[in-house]
Amino acid sequence: MATKGEDGGLVIGVREPAAQEAAEISVAVRRYGIREDPKTGRLVRVNAGRKVRTVPAARSATVAAGLEGVQVLSSESAGKSPGSVELESLVQEAGRRHDVDPELIRAVMRQESGFNPLAVSRKGAQGLMQLMPETAKRLGVQDVFDPAENVLGGAKLLRQLMDRYQGDLDLALAAYNAGEGAVEKYGGLPPYRETVDYVGRITQAYGLVARADSEAVTQSIVPKPRIRAVEGLDGSLVFETE
């Protein structure tokens with residue numbers, strides 16, 4: 001984006017991947033009406049007057065992530081809620097508890113639900129990380145529309161799949177999308193267009209963030225040249241690098 005500098009010129013800035021994700025989460029939190037419970041500190045949904053509605057494809061946040069036909073459990077008061085609490089602390093906690101990179105959790109969440117805690121797919125997957133009812137039950141998730149429970153369950157599932165496939169991210173993501181049975185049936189990545197695209201989108205998004213983090217670390221440890229001022233024979237100052 002471009003902004004005006006103090007001298008009136010244009011200053012060009014590029015939003016870092018992590019900052020962009022945080023901004024998208026913040027917008028989604030406000031849009032879908034979740035807030036922080038002042039007593040427990042947990043993220044909860046606004047549940048008054050909840051009902052099911054279908055989100056038009058052009059306006060659905062999940063369509064931008066490659067999903068179609070998603071339904072949303074909405075609330076009459078959801079649009080009025082400020083929803084200023086972001087999901088970042090929840091993502092970080094889920095990552096710590098289940099030893100999963102928070103950036104991966106965020107990438108999966110973005111692809112699965114577009115950060116919408118009330119999303120429901122045509123196949124019945126629910127919540128932020130789109131857990132099927134039977135899967136949620138197996139993971140100990142009692143309320144799939146509770147952001148904390150859903151994300152913790154999704155992170156737990158990712159950990160289980162990463163362990164099962166010995167750290168193979170592609171297979172773990174394929175199983176998350178198409179089921180472990182499909183991965184076993186084909187002995188690898190199932191040849192489903194949806195699954196292939198799903199794995200590609202997440203690994204690309206996750207890779208971009210990882211690369212940006214790596215470059216930031218590299219830049220921070222590369223020694224920067226020191227500049228010193230030396231007085232010349234004529235009394236003028238000469239600047240040199242050491």
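Read-outs throughout are calculated quantities, based only on the coordinates presented, and are distinct from any laboratory measurement. Everything numeric here is computed off the predicted structure, so don't read it as measured data. Virtual Cβ from ideal backbone geometry, glycine too; neighbours counted across all protein chains shown.
Okay, here's what the table says:
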read-out: Residue order, fewest to most beta carbons within 10 Å, for M162, M109, M132; value: M132, M162, M109
read-out: Dipole magnitude (debye, nearest 20) for the stretch 101-161, charges at Cβ of Lys, Arg, Asp, Glu; value: 200 debye
read-out: Label-reachable residues, the stretch 106-141, where backbone N falls under 19 Å from a point 7 Å from Q204's Cα toward its Cβ; value: 106-115
